[in-house]
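Down below is the structure, laid out as structure tokens.
The values are calculated or read from the model by the stated rules, or taken from the named source; none is laboratory data. This structure is a prediction, so every number in the text was calculated from the model and none was measured. Because the Cβ atoms are built from the backbone with ideal geometry, glycine has one as well, and the counts that use them run over all protein chains shown. Calculation scope for accessible area: heavy atoms of the full protein, side chains included, ligands and nucleic acids excluded. Shrake-Rupley method; radii C 1.70, N 1.55, O 1.52, S 1.80 Å.
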Amino acid sequence: MAVEHQLTIPPGRSLPRHIAIIMDGNNRWAKERRLPGLAGHKAGVDSVRAVIECCAEQGVEALTLFAFSSENWKRPAVEVSGLMQLFMLALKNEVRKLARHNIRLRVIGDLSRFSPELQALIRKAEAETASNTGLALNIAANYGGRWDIVSAARSLAQRCLEGALSPEQIDEELFTRQLSLAELPPPDLCIRTGGEQRISNFLIWQLSYTELYFTDCFWPDFDKREMLAALQSYLTRERRFGRTSEQVGADNQC
């Protein structure tokens with residue numbers, strides 16, 4: 001293995017259990033090459049494969065990829081149509097590979113706006129990988145953090161109306177259990193490619209204590225080496241969760 005593909009794990013540190021990625025820069029990558037925007041999204045599929053492979057190799061428990069936000073419907077119709085076709089093609093071609101590598105696939109978001117054909121492919125892909133016990137791969141599609149929170153609030157409000165729950169019983173833990181990815185630990189690391197430095201309505205509740213990593217690298221150029229660089233940056237950070245450095249150090253010595 002090449003030197004740049006090795007990770008140095010300092011004492012008391014560990015790799016993230018859950019990684020979230022905002023895959024940005026596909027259009028700009030294509031524009032630099034005088035290609036149509038969809039070419040960037042197609043090229044980005046290779047980066048998805050590389051990142052999944054890297055996470056599986058490093059023993060990461062969960063990977064959540066922001067593939068299509070609820071705001072992305074505002075993009076040109078030809079691009080949206082092309083993205084839907086690319087999504088269907090990926091589901092048809094990649095699910096068997098995921099199953100072979102013990103990877104469990106789940107798609108989160110408001111899927112009702114997708115075509116019946118795409119919804120059926122999503123259900124089929126999830127069913128075919130449901131028993132896998134390796135990396136939990138989550139694809140956020142027609143997803144928004146505000147939608148996630150509102151959906152959770154509606155669910156709890158309905159239970160209150162039905163008399164199954166009282167408002168006084170609602171706390172952070174109960175609310176979290178109504179959200180997408182409630183069965184997983186919150187992301188330890190969120191990566192955004194493409195040079196922008198914001199979370200863009202992605203996992204708003206879940207990212208409250210997440211380490212953020214921003215890179216200028218466009219998503220189609222984000223390969224395994226870039227992924228390992230992000231992991232190495234994460235390993236340099238002290239995660240205190242409101243405690244002091246001295247408290248963290250004492251805990252690590254126990």
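Yes/no matrix, rows are residues, columns are (1) over 30 Å from residue 235 (Cβ atoms); (2) of a type in the set (Gly, Ala, Ser); (3) out of contact with any strand residue (DSSP E or B) (no Cβ under 9 Å at 6 or more places or on another chain); (4) without any contact (Cβ under 8 Å) to a residue 24 or more places away in the chain:
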site	(1), (2), (3), (4)
98	no, no, no, no
101	no, no, yes, no
116	yes, no, yes, yes
133	no, no, no, no
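May I ask you to say which residue of 120, 90, 99 is closer than 28 Å to residue 152 by Cβ and in a helix (DSSP H, G or I)? Spell out the reasoning first.
Details: 90 fails: closer than 28 Å to residue 152 by Cβ; 99 fails: closer than 28 Å to residue 152 by Cβ.
Just one listed residue meets the conditions, 120.
Within segment 29-61, count every residue that is touching a His at 6+ places or on another chain (Cβ under 7 Å) and either within 20 Å of residue 142 (Cβ to Cβ) or part of a helix (DSSP H, G or I) (or both). It would help to see each step written out before you state the result.
From segment 29-61, those touching a His at 6+ places or on another chain (Cβ under 7 Å) are 56, 61; that's our starting set.
So of that shortlist, the ones also either within 20 Å of residue 142 (Cβ to Cβ) or part of a helix (DSSP H, G or I) (or both) come out as 56.
Number satisfying all stated conditions: 1.
Based on what the data block shows, is residue 29 within 30 Å of residue 7 (Cβ to Cβ), touching a helix residue (DSSP H, G or I) at 6+ places or on another chain (Cβ under 8 Å) and among the aromatic types (Phe, Trp, Tyr)?
Numbers: within 30 Å of residue 7 (Cβ to Cβ): yes; touching a helix residue (DSSP H, G or I) at 6+ places or on another chain (Cβ under 8 Å): yes; among the aromatic types (Phe, Trp, Tyr): yes.
For residue 29, the condition - within 30 Å of residue 7 (Cβ to Cβ), touching a helix residue (DSSP H, G or I) at 6+ places or on another chain (Cβ under 8 Å) and among the aromatic types (Phe, Trp, Tyr) - is met.
One line per residue, one yes/no per condition, for (1) open to solvent by 30 Å² or more (accessible area, probe 1.4 Å); (2) closer than 28 Å to residue 235 by Cβ:
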position: 8; (1), (2): yes, yes
position: 35; (1), (2): yes, no
position: 50; (1), (2): no, yes
position: 55; (1), (2): no, yes
position: 59; (1), (2): yes, yes
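Could you check segment 129-174 and list, in sequence order, the residues that are under 20 Å from the mean Cα position of the chain (by Cα), in a helix (DSSP H, G or I) and not aliphatic (A, V, I, L, M)?
Hits for segment 129-174 are 129, 145, 146, 147, 148, 151.
What's the number of the only condition in (1) within 20 Å of residue 189 (Cα to Cα); (2) open to solvent by 60 Å² or more (accessible area, probe 1.4 Å) that residue 128 fails to meet?
The number of the failed condition is (1).
Given 40, 44, which one is touching a residue at least 60 places away in the same chain (Cβ under 8 Å) and more than 18 Å from the chain's Cα centre (by Cα)? Spell out the reasoning first.
Details: 44 fails: more than 18 Å from the chain's Cα centre (by Cα).
Criteria check complete, one pass: 40.
Can you report the number of residues in segment 152-190 which are surrounded by fewer than 16 Cβ atoms within 10 Å (Cβ to Cβ) and touching a Ser or Thr at 6+ places or on another chain (Cβ under 9 Å)? Full working, then the answer.
Taking segment 152-190 first, the residues surrounded by fewer than 16 Cβ atoms within 10 Å (Cβ to Cβ) are 153-155, 157-158, 160-164, 166-169, 171-174, 176-177, 182-183, 185.
So of that shortlist, the ones also touching a Ser or Thr at 6+ places or on another chain (Cβ under 9 Å) come out as 160, 182.
Selection size over segment 152-190: 2.
If only one of 121, 86, 91, 65 is open to solvent by less than 40 Å² (accessible area, probe 1.4 Å) and either of a type in the set (Lys, Arg) or in contact with a His (Cβ under 8 Å, 6 or more places away or on another chain) (or both), which one is it? Working first, answer last.
Details: 121 fails: either of a type in the set (Lys, Arg) or in contact with a His (Cβ under 8 Å, 6 or more places away or on another chain) (or both); 91 fails: either of a type in the set (Lys, Arg) or in contact with a His (Cβ under 8 Å, 6 or more places away or on another chain) (or both); 65 fails: either of a type in the set (Lys, Arg) or in contact with a His (Cβ under 8 Å, 6 or more places away or on another chain) (or both).
After applying the criteria, what remains is 86.
Can you work out which of the residues in segment 200-221 that are within 28 Å of residue 33 (Cβ to Cβ) and in contact with a strand residue (DSSP E or B) (Cβ under 8 Å, 6 or more places away or on another chain) is least open to solvent (accessible area, probe 1.4 Å)? I'd like the intermediate steps shown before the answer.
Filtering segment 200-221 for residues within 28 Å of residue 33 (Cβ to Cβ) gives 200, 202, 213-221.
Checking which are in contact with a strand residue (DSSP E or B) (Cβ under 8 Å, 6 or more places away or on another chain) leaves us with 200, 202, 213-215.
On the way: 200: 44, 202: 0, 213: 35, 214: 73, 215: 18 Å².
By that ranking, first place goes to 202.
What single numbered condition from (1) of a type in the set (Gly, Ala, Ser); (2) closer than 17 Å to residue 138 by Cα; (3) open to solvent by less than 50 Å² (accessible area, probe 1.4 Å); (4) out of contact with any Asp or Glu (no Cβ under 6 Å at 6 or more places or on another chain) fails to hold for residue 25?
(2)
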